[in-house]
Amino acid sequence: MSYTQLVGKNKVRRYSNEEYWAKPVTGFGDTDANLLIIGLAPGTHGANRTGRLFTGDHSGQWLMKALYESGFSNIPSSISAKDGLILKNVFITSCVRCAPPSNKPLNSELVNCSNYLVKELEILKKVKVVITLGRIALQTYCKINDLKNLQFYHLANYRINEKRLIVSYHPSRQNTNTQKLTWPMWINVFDLAKTILSSNN
(Lines give C-alpha, C1' and ligand atoms only; values in the text may rest on other atoms or scores of the structure.)
Protein backbone atom coordinates (compact mmCIF):
# COMPACT_ATOMS: atom_id res chain seq x y z
CA MET A 1 0.00 0.00 0.00
CA SER A 2 1.39 3.42 -0.96
CA TYR A 3 1.90 6.28 1.48
CA THR A 4 -1.02 8.21 -0.02
CA GLN A 5 -3.30 5.18 0.43
CA LEU A 6 -2.12 4.68 4.01
CA VAL A 7 -2.92 8.30 4.83
CA GLY A 8 -6.37 7.87 3.28
CA LYS A 9 -6.97 4.76 5.38
CA ASN A 10 -5.52 6.06 8.66
CA LYS A 11 -7.16 9.49 8.61
CA VAL A 12 -6.44 12.28 11.05
CA ARG A 13 -9.25 12.89 13.49
CA ARG A 14 -10.42 16.19 12.01
CA TYR A 15 -11.13 14.48 8.67
CA SER A 16 -12.21 11.11 10.01
CA ASN A 17 -15.64 11.34 8.37
CA GLU A 18 -14.29 12.29 4.94
CA GLU A 19 -13.44 10.07 1.99
CA TYR A 20 -9.82 10.66 0.96
CA TRP A 21 -8.84 10.87 -2.71
CA ALA A 22 -5.55 9.06 -1.88
CA LYS A 23 -4.36 8.86 -5.51
CA PRO A 24 -2.10 10.90 -7.80
CA VAL A 25 -3.29 14.50 -8.32
CA THR A 26 -3.04 16.27 -11.68
CA GLY A 27 -2.69 19.94 -12.50
CA PHE A 28 -5.84 22.00 -13.07
CA GLY A 29 -7.07 25.35 -14.34
CA ASP A 30 -7.24 27.25 -17.61
CA THR A 31 -5.32 25.40 -20.35
CA ASP A 32 -5.16 28.67 -22.32
CA ALA A 33 -3.62 30.45 -19.33
CA ASN A 34 -0.82 33.02 -19.52
CA LEU A 35 0.18 32.27 -15.90
CA LEU A 36 1.52 28.92 -14.66
CA ILE A 37 2.10 28.15 -10.98
CA ILE A 38 4.28 25.16 -10.04
CA GLY A 39 4.17 23.83 -6.48
CA LEU A 40 5.96 20.93 -4.84
CA ALA A 41 3.44 18.14 -4.25
CA PRO A 42 -0.14 17.42 -3.14
CA GLY A 43 -0.65 18.21 0.54
CA THR A 44 -1.02 15.11 2.70
CA HIS A 45 -4.37 16.20 4.15
CA GLY A 46 -5.07 18.81 1.45
CA ALA A 47 -4.96 17.64 -2.17
CA ASN A 48 -4.43 14.02 -1.14
CA ARG A 49 -7.79 14.31 0.62
CA THR A 50 -9.71 16.57 -1.78
CA GLY A 51 -8.25 15.42 -5.10
CA ARG A 52 -7.30 18.93 -6.23
CA LEU A 53 -4.01 20.79 -5.75
CA PHE A 54 -3.85 23.56 -3.13
CA THR A 55 -7.35 22.70 -1.94
CA GLY A 56 -8.31 22.16 1.68
CA ASP A 57 -5.10 23.08 3.47
CA HIS A 58 -3.09 26.07 4.72
CA SER A 59 -0.98 26.54 1.58
CA GLY A 60 -4.12 26.38 -0.53
CA GLN A 61 -5.82 29.08 1.52
CA TRP A 62 -2.85 31.39 0.98
CA LEU A 63 -2.69 30.68 -2.74
CA MET A 64 -6.43 30.99 -3.40
CA LYS A 65 -6.74 34.22 -1.42
CA ALA A 66 -3.87 35.74 -3.41
CA LEU A 67 -5.32 34.55 -6.72
CA TYR A 68 -8.71 36.03 -5.80
CA GLU A 69 -7.25 39.37 -4.72
CA SER A 70 -5.21 39.47 -7.95
CA GLY A 71 -8.20 38.70 -10.17
CA PHE A 72 -7.14 35.17 -11.15
CA SER A 73 -10.06 33.33 -9.46
CA ASN A 74 -13.71 33.81 -8.59
CA ILE A 75 -13.66 32.91 -4.87
CA PRO A 76 -11.14 33.68 -2.09
CA SER A 77 -10.85 30.20 -0.57
CA SER A 78 -10.88 26.59 -1.65
CA ILE A 79 -12.06 23.74 0.57
CA SER A 80 -13.11 20.99 -1.86
CA ALA A 81 -13.00 20.08 -5.55
CA LYS A 82 -16.72 20.93 -5.75
CA ASP A 83 -16.65 24.39 -4.15
CA GLY A 84 -17.24 26.29 -7.40
CA LEU A 85 -13.68 27.57 -7.83
CA ILE A 86 -12.95 28.89 -11.33
CA LEU A 87 -9.39 29.87 -12.22
CA LYS A 88 -9.00 32.74 -14.69
CA ASN A 89 -5.93 32.80 -16.94
CA VAL A 90 -3.95 30.57 -14.55
CA PHE A 91 -3.01 26.88 -14.42
CA ILE A 92 -1.73 25.21 -11.24
CA THR A 93 0.45 22.11 -11.17
CA SER A 94 3.16 20.43 -9.09
CA CYS A 95 6.53 18.69 -9.40
CA VAL A 96 5.31 15.49 -7.74
CA ARG A 97 1.86 13.96 -8.20
CA CYS A 98 1.50 12.00 -4.95
CA ALA A 99 1.83 13.33 -1.40
CA PRO A 100 5.31 12.36 -0.12
CA PRO A 101 6.11 11.46 3.52
CA SER A 102 7.16 14.55 5.51
CA ASN A 103 6.58 16.58 2.33
CA LYS A 104 10.02 15.47 1.08
CA PRO A 105 9.87 13.68 -2.28
CA LEU A 106 12.63 11.29 -3.30
CA ASN A 107 14.80 12.19 -6.29
CA SER A 108 13.34 9.17 -8.09
CA GLU A 109 9.83 10.57 -7.58
CA LEU A 110 10.88 13.95 -8.93
CA VAL A 111 12.41 12.31 -12.01
CA ASN A 112 9.40 10.06 -12.65
CA CYS A 113 6.81 12.80 -12.17
CA SER A 114 8.72 15.37 -14.21
CA ASN A 115 7.45 13.55 -17.31
CA TYR A 116 3.91 14.68 -16.45
CA LEU A 117 5.08 18.25 -15.94
CA VAL A 118 6.83 18.18 -19.32
CA LYS A 119 3.57 17.07 -20.98
CA GLU A 120 1.64 19.86 -19.27
CA LEU A 121 4.19 22.43 -20.42
CA GLU A 122 3.71 21.18 -23.99
CA ILE A 123 -0.07 21.63 -23.70
CA LEU A 124 0.12 25.07 -22.07
CA LYS A 125 1.24 26.92 -25.18
CA LYS A 126 0.13 30.42 -24.10
CA VAL A 127 2.06 30.65 -20.81
CA LYS A 128 4.00 33.91 -20.50
CA VAL A 129 4.78 33.92 -16.76
CA VAL A 130 5.80 30.96 -14.59
CA ILE A 131 5.80 31.14 -10.77
CA THR A 132 7.76 28.43 -8.96
CA LEU A 133 6.92 27.89 -5.29
CA GLY A 134 9.95 26.78 -3.33
CA ARG A 135 13.49 25.70 -4.15
CA ILE A 136 12.56 22.23 -5.49
CA ALA A 137 9.98 23.67 -7.89
CA LEU A 138 12.61 26.07 -9.26
CA GLN A 139 15.20 23.29 -9.58
CA THR A 140 12.71 21.00 -11.33
CA TYR A 141 11.64 23.69 -13.81
CA CYS A 142 15.29 24.53 -14.53
CA LYS A 143 16.20 20.88 -15.07
CA ILE A 144 13.32 20.33 -17.49
CA ASN A 145 14.27 23.43 -19.48
CA ASP A 146 18.05 23.00 -19.18
CA LEU A 147 18.45 26.32 -17.37
CA LYS A 148 21.71 26.91 -15.51
CA ASN A 149 22.82 29.06 -12.59
CA LEU A 150 19.47 30.57 -11.63
CA GLN A 151 19.59 31.57 -7.97
CA PHE A 152 16.78 30.82 -5.55
CA TYR A 153 15.55 33.85 -3.64
CA HIS A 154 12.11 35.32 -3.09
CA LEU A 155 10.84 37.49 -5.94
CA ALA A 156 13.73 36.60 -8.25
CA ASN A 157 12.61 37.53 -11.77
CA TYR A 158 14.25 35.91 -14.80
CA ARG A 159 13.62 36.36 -18.52
CA ILE A 160 13.65 32.93 -20.19
CA ASN A 161 13.28 33.35 -23.97
CA GLU A 162 9.70 34.58 -24.43
CA LYS A 163 8.68 33.78 -20.83
CA ARG A 164 9.31 35.32 -17.43
CA LEU A 165 10.11 33.19 -14.40
CA ILE A 166 9.22 34.46 -10.91
CA VAL A 167 10.66 32.65 -7.90
CA SER A 168 8.79 32.55 -4.59
CA TYR A 169 8.99 30.91 -1.22
CA HIS A 170 6.36 28.22 -0.83
CA PRO A 171 3.33 29.31 1.25
CA SER A 172 3.78 26.38 3.62
CA ARG A 173 2.80 26.73 7.25
CA GLN A 174 6.48 26.45 8.14
CA ASN A 175 7.29 29.56 6.09
CA THR A 176 4.22 31.64 6.94
CA ASN A 177 4.16 30.89 10.68
CA THR A 178 7.83 31.86 11.02
CA GLN A 179 7.27 35.03 8.94
CA LYS A 180 9.86 33.87 6.42
CA LEU A 181 7.00 34.54 4.02
CA THR A 182 4.69 37.39 5.01
CA TRP A 183 1.46 38.34 3.27
CA PRO A 184 2.93 41.51 1.67
CA MET A 185 5.85 39.43 0.34
CA TRP A 186 3.42 36.86 -1.02
CA ILE A 187 1.02 39.25 -2.72
CA ASN A 188 4.00 41.03 -4.34
CA VAL A 189 4.57 37.85 -6.38
CA PHE A 190 1.15 38.11 -7.98
CA ASP A 191 1.32 41.87 -8.41
CA LEU A 192 4.56 41.35 -10.35
CA ALA A 193 2.96 38.63 -12.48
CA LYS A 194 0.01 40.92 -13.27
CA THR A 195 2.34 43.79 -14.18
CA ILE A 196 4.34 41.59 -16.56
CA LEU A 197 1.21 40.16 -18.18
CA SER A 198 -0.40 43.55 -18.62
CA SER A 199 2.76 44.93 -20.25
CA ASN A 200 2.74 42.03 -22.72
CA ASN A 201 -0.85 42.69 -23.84
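The values are calculated or read from the model by the stated rules, or taken from the named source; none is laboratory data. Keep in mind it's a predicted model, so treat the numbers as computed, not measured. Quick reminder, even Gly has a Cβ in these numbers, built from the backbone with ideal geometry, and neighbours come from all protein chains shown. Note: areas computed on protein heavy atoms with side chains; ligands, DNA, RNA excluded. Shrake-Rupley method; radii C 1.70, N 1.55, O 1.52, S 1.80 Å.
Worth a mention:
- Legend: calculated FRET efficiency, Tyr3 to Val118, from the Cβ-Cβ distance at R0 = 30 Å, rounded to 0.05, equals 0.80.
- Crossing angle, helix 58-69 versus the chain [Cα axis fit, 0-90 degrees, rounded to tens]: 40
- Backbone N within segment 13-49 under 19 Å of label point (7 Å from Ser80 Cα along the Cβ vector): 13-23, 43-49
- 0 to 90° range, to nearest 10: angle between helix 107-123 axis and the chain longest Cα axis: 60
- Free of any trypsin sites (Lys or Arg not before Pro) that DSSP assigns to a loop and that have at most 11 other C-beta atoms within 10 Å, the longest stretch within the chain is 1-81.
- Efficiency of FRET from Cβ geometry, Lys194 and Asn149, R₀ 25 Å, rounded to 0.05: 0.35
- Accessible area per residue for segment 13-104 is 42 Å², calculated with a 1.4 Å probe on protein heavy atoms, without ligands, DNA or RNA.
- Highest GNM mean-square fluctuation among Ile144, Ile131, Ile38, for the chain modelled with Cα contacts below 10 Å: Ile144.
- Taking 0.36 nm per residue of separation and subtracting the Cα-Cα distance, full extension of the segment from Lys180 to Tyr158 would add 5.7 nm.
- Part-to-part distance (alpha-carbon centres) for segment 117-157 and segment 33-86, which is given in Å: 19
- Between the helical axis of 183-200 and the longest alpha-carbon principal axis of the chain there is an angle of about 50 degrees.
- Listed values (1) 33, 18, 12; (2) 49, 17, 14; (3) 26, 19, 16, entry calculated as semi-axes √(5λ) of the Cα gyration tensor in Å: (3)
- Measuring nothing but protein heavy atoms, the accessible surface of segment 13-111 at 1.4 Å probe radius is 52 percent carbon and sulfur.
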